[in-house]
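Report on the structure given below.
The values are calculated or read from the model by the stated rules, or taken from the named source; none is laboratory data. Because the structure is predicted, anything quoted here is derived from the model rather than measured. Counting neighbours? That spans all protein chains shown, and the Cβs are built from the backbone with ideal geometry, glycine included. Please note that ligands, DNA and RNA were not included when accessible areas were found on the heavy atoms of the full protein model with its side chains. Shrake-Rupley method; radii C 1.70, N 1.55, O 1.52, S 1.80 Å.
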Amino acid sequence: MSYNSFEVAQKQVLEASVLLKLDSNTTELLLWPQREYKFTIPVKMDNKSIKIFHGYRIHYNTARGPAKGGIRFHQDETVDTVRALACWMTWKTAIADLPLGGGKGGVICDPKKLSAEELENIARNYVRAAADFIGPEKDIPAPDVYTNPQTMVWMMDEYETITRKHQPGVFTDKPLQVGGTEGRRDATARGGVYTVREACKHFGVNSKGTYVIQGFGNAGQRAALLHQEIIGGGKLIAVSDSKGGIYNPDGLNPKELVVYKLKNGNVNNFPGSTNIKKEEVLETEADILYPAALENAINENNADRIRARIICELANGPTTPEADIILYKNNKIVLPDILSSAGGVIVSYFEMVQDKYSYFWPEDTVHSRLDQKITKAFWSVIEAMKEKRVHPRLAAMIVGVARVAEACKLRGWI
Ligand code: NAD
């Protein structure tokens, strides 16, 4: 089954608005992006020819503050994927109680087929096209799939050249030397582990039991390490990447596994472990599962076989709507991405604040403030779960949608 992500996102908004008894105007307002900007980006290629790329930047809702969300470079990007991601960012920033709205951007391109110079030309020309639409007080982009801190520096530099002002806070997730923050690199995984720590307390799951990681890239590797550091225990028993999976019921050493993966490019044949199919890793019996790979990994075909008690979504959209229902029926606890992967945007917000004051915080301050924010967000979702008797994803949507609706009302938009 293929999904139109924006239709899924709209369905979730509708469900939340019914439970919140929102009036029809409020629902209509929240079902659609506030504004969309679509533009062409002419780019000089290495062979001196000009190629036209297509770019988007969407502000889904700015009632609570400037739009915030990444820019993705991907060949499958469509207006609906950007709309969906901008929509989810709106609820994510609201659940974390950040003074921000939701936005997202993208360029249709295949970054694997482009040189570093061509990628820089796309990044800079994206900003030339979108300069009026973005800004530290309007819309603050960040990296997403196939964009990174280097892309953000090119974009920031271009923006400052256009505006003739030093404005590092216009993009986040920059390197430290040009206005980045401590604690950004592991923020998503760290935030996820904080939510797992709280969920284990609330649902009576053994946090020092077993855990499994699907996807061993940036987010997955950091979650493997941070789980034991933050929880003060726990046994990592299975890990997968795109090439396969490994299993060891006696425990895999996360530090050694990260070194092994960096050296070998995949986790297969890690000493002391048994190679298994990557699909089996998701279905391994464990207390906690961290999906940290791609969308739709847990779907109607495998949801019934998921045996972990808590599923902490570090990836964006790893669970399909059908799978969500099956997991809920099977008494599984899904910590939804709009809550459990909010660590990245929370620390991005800290970066904006530090850039504004040109005064930078030590790493432990970033960690403890992230802990406070995401822990508070977790308990607000639990409150909504109890009050409305719904599963965590719908509860998180209810928290986010209610906060945005309230801001719209206070402003007199509805
Ligand atoms: P990444 O590219 O560094 O890692 C992805 C990993 O998934 C790789 O190890 C890849 O081998 C693996 N993978 C791919 N297909 C797989 C499959 N079928 N089975 C098992 N493993 C598979 O990406 P990342 O930055 O770690 O992001 C992972 C997810 O987390 C994405 O959905 C991303 O949107 C989300 N996310 C990341 C951040 C962040 O700060 N990095 C923030 C928010 C959300």
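Rundown of residues vs (1) open to solvent by 10 Å² or more (accessible area, probe 1.4 Å); (2) away from the ligand (no atom under 16 Å from the Cβ); (3) closer than 21 Å to Thr93 by Cα, yes/no style:
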residue: Glu117; (1), (2), (3): yes, yes, no
residue: Phe133; (1), (2), (3): yes, yes, yes
residue: Ile140; (1), (2), (3): no, no, yes
residue: Glu158; (1), (2), (3): yes, yes, no
residue: Thr195; (1), (2), (3): no, no, yes
residue: Val205; (1), (2), (3): yes, yes, no
residue: Tyr211; (1), (2), (3): no, no, no
residue: His227; (1), (2), (3): no, no, no
**Message:** Please go through (1) within 14 Å of the ligand (Cβ to nearest atom); (2) in a loop (DSSP other than H, G, I, E, B) for Tyr260 and return the number of the only condition it doesn't satisfy.
**Reply:** (2)
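Each row is one residue, and each column tells you yes or no for (1) in a loop (DSSP other than H, G, I, E, B); (2) of a type in the set (Phe, Trp, Tyr); (3) closer than 20 Å to Gly232 by Cα.
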{"position": "Asp250", "(1), (2), (3)": "yes, no, yes"}
{"position": "Val267", "(1), (2), (3)": "yes, no, no"}
{"position": "Leu289", "(1), (2), (3)": "no, no, yes"}
{"position": "Leu294", "(1), (2), (3)": "yes, no, no"}
**Request:** Determine which single condition Phe378 fails, assuming it passes every other condition in (1) surrounded by 15 or more Cβ atoms within 10 Å (Cβ to Cβ); (2) within 16 Å of the ligand (Cβ to nearest atom); (3) at pLDDT 95 or above.
**Result:** (2)
**Prompt:** Got a sec? Which helices (runs of 4 or more DSSP H) wholly within segment 336-414 have at least 3 residues that are free of Cβ contacts under 8 Å to residues at least 12 places away in the same chain?
**Reply:** 363-388
**Asked** Quick one: in segment 213-225, which of the residues that are of a type outside the set (Gly, Ala, Ser) and modelled with pLDDT of 95 or more is farthest from the ligand (Cβ to nearest atom)?
**Response** Leu225
**Complete:** Within segment 300-312, the count of residues that are in contact with a strand residue (DSSP E or B) (Cβ under 8 Å, 6 or more places away or on another chain) and within 12 Å of the ligand (Cβ to nearest atom) comes to 1
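Table: residues versus (1) in contact with a Cys (Cβ under 6 Å, 6 or more places away or on another chain); (2) small (Gly, Ala, Ser).
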| residue | (1), (2) |
| --- | --- |
| Asp287 | no, no |
| Ala323 | no, yes |
| Tyr328 | no, no |
| Ser340 | yes, yes |
| Asp355 | no, no |
| Glu363 | no, no |
| His367 | no, no |
**Prompt:** Can you name every residue in segment 213-248 that is in contact with a helix residue (DSSP H, G or I) (Cβ under 6 Å, 6 or more places away or on another chain), among the hydrophobic types (A, V, I, L, M, F, W, C) and assigned to a strand (DSSP E or B)?
**Reply:** Ile213, Leu236, Ala238
